[in-house]
1. Let me test this: with uniform point scatterers at the alpha carbons of the chain, what is the Debye-based log₁₀ I(q)/I(0) at q = 0.12 1/Å?
2. Using Cα pairs under 8 angstrom and six or more residues apart, how large is the relative contact order of the chain, in percent?
3. Taking only Cα atoms, what is the 0 to 90° angle, nearest 10, from helix 213-224's long axis to the longest principal axis of the chain?
4. Can you return the aspartates and glutamates within cross-link range of LYS4? Criterion is Cα-Cα under 19 Å, with same-chain partners fewer than 8 residues away left out.
5. State to the nearest 20 debye the size of the charge dipole of the chain about its Cα centre, where the only charges are +1 on K and R beta carbons and -1 on D and E beta carbons.
6. If you line up the long axis of helix 14-25 against the longest principal axis of the chain, both from Cα atoms, how many degrees apart are they, to the nearest 10?
7. Which of THR225, THR33, THR22 moves most in a GNM of the chain, Cα contacts under 10 Å?
8. Mind telling me which of GLY138, GLY179, GLY27 comes out most flexible in a GNM of the chain, alpha-carbon contacts under 10 Å?
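Laboratory data are not the source of any read-out in this text; all were calculated from the coordinates shown. Keep in mind that this is a model prediction, so the values were computed, not measured. As a convention, Cβ positions derive from the backbone with ideal geometry for all residues, glycine included, and neighbour counts pool all protein chains shown.
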Amino acid sequence: MKNKIALVTGATSGIGQACALTLAKLGYDLIVTGRRAERLEEFKAKLPQGIRCLSLVFDVRDREQVEKILGNLPKEWSEIDVLINNAGNAHGLDPIQTGSISDWDAMLDINVKGLLYVSKAIIPGMTQRNSGCIINIGSIAGKEVYPNGNVYCASKHAVDALTQGMRMDLNPFGIKVMGIHPGLVETEFSLVRFKGDAQRASTVYQGYTPLVAQDIADIVAFALTRPAHVVLADLVVLPTAQASAQVIKKNILK
Ligand code: NDP
Ligand code: 8X3
């Protein structure tokens with residue numbers, strides 16, 4: 001019997017890569033995507049034997065590319081069972097009055113429109129087959145707003161709304177739609193947010209134990225191994241030290 005197929009966007013690092021590897025260990029064949037081709041090649045070398053992997057290099061912002069690549073998958077890769085919409089980032093952490101429009105464009109184009117473009121390419125196959133599962137990686141920033149988080153929070157609130165909307169519209173087709181909303185996870189996320197400033201990025205995770213990407217991957221694996229009649233619809237996952245977007249119990253180093 002052939003393996004199920006999972007497509008994971010943003011599998012070049014962090015949560016996406018951990019999810020992809022964990023799904024491979026569960027026996028899924030993988031389609032992994034991202035802009036950094038070499039990272040995807042390195043990733044393939046980590047896969048268990050017998051797992052097939054197709055890597056696709058594109059920017060989720062590029063609607064034409066998304067349609068061309070995902071609309072013309074080789075036949076043996078065309079029946080996608082699981083879509084993990086993970087690709088995304090924050091760009092900047094600035095008050096609305098001084099924020100950069102190109103950062104705003106990046107967050108809305110990647111986190112919201114990119115997720116829509118990918119979903120639009122994959123959902124028709126799922127509705128035709130009356131089966132499938134979509135997991136959208138949202139954020140605590142999609143449940144709360146915090147100072148200077150303005151547009152990133154708006155983009156993740158949009159992901160939350162789209163997750164709920166997808167669940168309703170895809171309900172007649174028996175397609176599971178799940179929203180997983182992490183709090184602070186130590187990945188390349190803050191490095192991207194602070195434009196390569198490693199010093200500033202590392203301070204985000206100091207003084208407490210943040211989540212790691214594998215914590216989210218374990219939850220994705222749990223969600224995907226529930227029986228057919230169970231959907232883990234909406235889940236906020238925080239490090240124990242975090243009570244809300246801004247309430248974090250930190251050890252003050254003297
Ligand atoms: P990383 O920066 O480690 O990973 C981001 C991934 O998204 C990379 O694989 C990157 O690939 C991909 N990506 C970014 N922009 C694009 C693009 N334009 N086109 C295609 N792929 C893109 O961060 P995380 O793993 O932490 O983030 C993954 C998701 O989790 C994001 O949606 C993020 O918002 C969310 N999240 C993260 C939290 C955290 O604290 N880390 C908490 C809550 C949610 P490449 O650069 O190769 O294109
Ligand atoms: C990432 C977590 O708190 O930086 O979505 O917004 S946070």
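1. -0.68
2. Reported relative contact order: 19 percent.
3. Taking Cα atoms only, the helix is inclined about 40 degrees.
4. Excluding near neighbours in sequence, the set is ASP29, GLU76, GLU79, ASP81, ASP218.
5. It works out to roughly 400 debye.
6. Relative to the chain, helix 14-25 is tipped by roughly 30 degrees.
7. Of the options given, THR225 has the highest mean-square fluctuation.
8. In the Gaussian network model the winner is GLY27.
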